[in-house]
Amino acid sequence: MLRLDTREELLWRINDLCLHLNNYITKSGQVYKLSLSMGIYEVDGETDDIVSMADRAYIARQTIKNKGDTAWAFYDGAVRDKLLHEKEIESQMEKALAEGEFIAYYQPKYSTKEQKLIGAEALVRWRRSDGIIVPPYQFVPLFERNGFINKVDRYMFELVCRQQMRWLKQGLIPVPISVNMSRMCLYDPHIVDEYIGVLNGSGLSAAYIKLELTESAFFENISIMNNVIEALHKVGIKVLMDDFGTGYSSMMMLKNVAIDVLKLDKSFVDDIGDDRSEKIISNIIYLAHSLQIEVTAEGVETAAQFEFLKSVGCDYIQGYYFGKPQPAEDFAALLQKEFYDGSDAGADKKG
């Protein structure tokens, strides 16, 4: 319990405490780095009992759990509402999964040269029983923290395999669909066998399914990652590195993992127009191609971005310039238009 006149004084005290703890040295000379995680409740008057005060400080601390770059958080109404909302989601998630409320939206991918549909990425959406669509930013980060993302990823993989088979039986010509796999799945020793079992059980050819893993997943354990990639390659499943460029050793990583496709993070695309950024993009694409790795650019939204990426040899384009994520029925109509109507779907941009 601290009695201070201003929040600035409190933060100075906290920073001083963090500094001392992060430089703690024992008598033997051993240095320890101790990270604090603090929730702060500012007492306004003296009407609250000590238990309520402590609970509110604890609620504030929960908002920064597992965030190594954040040492403290203040309690306020927004924090309370956020925690209550997350508790509500957690109380519904198992039932939602069992009742098929998680669905796939498909964002098209186009070849840069021909502007032809060559694939799509399956993105999870939560369609509640009342028909309301819950956007992923409201539940995916929570599922990644509490581990439920593993179940959702497995479900999405099975969902896409079944959907591809339905399209085949309807006489459509599907394109390969990539499905996201959380890095947490990699620590399940049975994960590859489970995915291969789902694929074989669906009857779908591996040519119609791919897996996307974020760049950060590749850094955590290269040996595990390489074992996973090797096992997937044996059955014909290609692997994409998503969010490339958000890590710190991206270039060195490329020589250590046998990925098939590199996906340039949207942050690169947003910087197109800046000379230095364009040189970096151009050289990344050149390096990837020299390693027989194809390149997809994410988040392409303008003609200028598209034209530059085309000029430097980027293989594939994904983003609002060609198409937004869309439900299965709309994507099926896109397949019909692309492969049966003889029209150029890529020419109708900003779809």
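The values are calculated or read from the model by the stated rules, or taken from the named source; none is laboratory data. Note that this is a predicted model, so its numbers are computed, not measured. Cβ: placed from backbone, ideal geometry, glycine included. Neighbour counts: every protein chain shown. Calculation scope for accessible area: heavy atoms of the full protein, side chains included, ligands and nucleic acids excluded. Shrake-Rupley method; radii C 1.70, N 1.55, O 1.52, S 1.80 Å.
For the reader, a short list of remarks on this structure follows.
- In a reduced charge model with +1 at each Lys and Arg Cβ and -1 at each Asp and Glu Cβ, the chain shows a dipole moment near 800 debye about its Cα centre.
- Here is the list for segment 210-249: chymotrypsin sites (Phe, Trp or Tyr not before Pro) lying in DSSP coil, each with at most 16 other C-beta atoms within 10 angstrom of its C-beta, are Tyr248.
- Protein heavy-atom accessible surface, 1.4 Å probe, per residue over the chain: 54 Å².
- Residues whose amide H comes within less than 5 Å of that of Gly313, counting only those at least five positions distant or on another chain, are absent (H built at 1.01 Å from N in the peptide plane).
- Net lengthening on full extension, Ser37/Lys151 (0.36 nm per residue, minus Cα-Cα): 38.1 nm
- Listed by chain and number, the aspartates and glutamates whose alpha-carbon sits under 12 Å from that of Lys238, ignoring those within fewer than 8 places in the same chain, are Glu212, Glu230, Asp260, Glu294.
- Inter-centroid distance (Cα atoms) of segment 140-164 relative to segment 271-340, Å: 25
- Net charge contributed by nearby residues that have their C-beta within less than 14 Å of Cys314 (K/R +1, D/E -1): -2
- The chain - mean residue ellipticity at 222 nm from DSSP helices (-39,500 (n - 2.57) per run, n ≥ 4, rounded to 500): -14000 deg cm²/dmol
- For segment 1-86, the tally of Lys pairs with Cα-Cα distances below 19 Å comes to 4, considering only residues 8 or more apart or on different chains.
- Residues Trp126, Trp72, Trp12, sorted by accessible area with the largest first, give Trp12, Trp72, Trp126 [1.4 Å probe; ligands and nucleic acids excluded].
- Computed over protein heavy atoms with a 1.4 Å probe, the carbon and sulfur contribution to the accessible area of the chain reaches 52%.
- For the pair Arg127 and Glu8, label points projected 7 Å from Cα toward Cβ lie 5.4 nm apart.
- Qualifying trypsin sites (Lys or Arg not before Pro) for segment 89-123 [loop in DSSP, other Cβ within 10 Å: at most 11]: Lys113
- Leu291 contributes an accessible area of around 70 Å² to the protein surface, as traced by a 1.4 Å probe with all chains present.
- Checking the cross-link pairs Lys87/Lys210; Lys95/Lys169; Lys263/Lys324 against a 26 Å limit on the alpha carbon distance flags Lys87/Lys210; Lys95/Lys169 as lying beyond it.
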